[in-house]
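Chemist: This is the structure I have questions about; it appears just below.
Please treat every number below as a calculation from the coordinates, not as lab data. Please read all numbers here as calculations on a predicted model, not as lab measurements.
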């Protein structure tokens, strides 16, 4: 019986931690986007909506190339391949494409992309330049 109480308590703590992380992501002014290893956007927070101009409903399920300027899309296969292999991609200037067609540059390493659910998820920086 004690083991069952510990398991329930552990599950409750894990759920509370997950809820806290969701609240942090949702309330962040920073654009936080996740995608799977084939480049499909899996989550999109309010900060991403403001920065890119797409609602989460418009972006989730679409390919990450949605927010990559056309002249840089040729880099995506190498980058996605590296992410699939578990390569770490660090600190590159990031350029993004907004819904209205304008671009922005954030400087070095300010946008993080996560490869989606992985057993050992490590953050990835997306180098577009």
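Chemist: Residue 6 to residue 38: extension gain in nm, 0.36 nm per residue of separation minus the Cα-Cα distance?
Modeler: Between residue 6 and residue 38, full extension yields an extra 7.7 nm.
Chemist: Right, something else. Please express the Cα-Cα pair-distance distribution P(r) of region 39-82 as a list of whole percents, one per 10 Å bin, running from 0 to the bin with the greatest distance.
Modeler: Percent of Cα pairs in each bin: 27, 50, 22.
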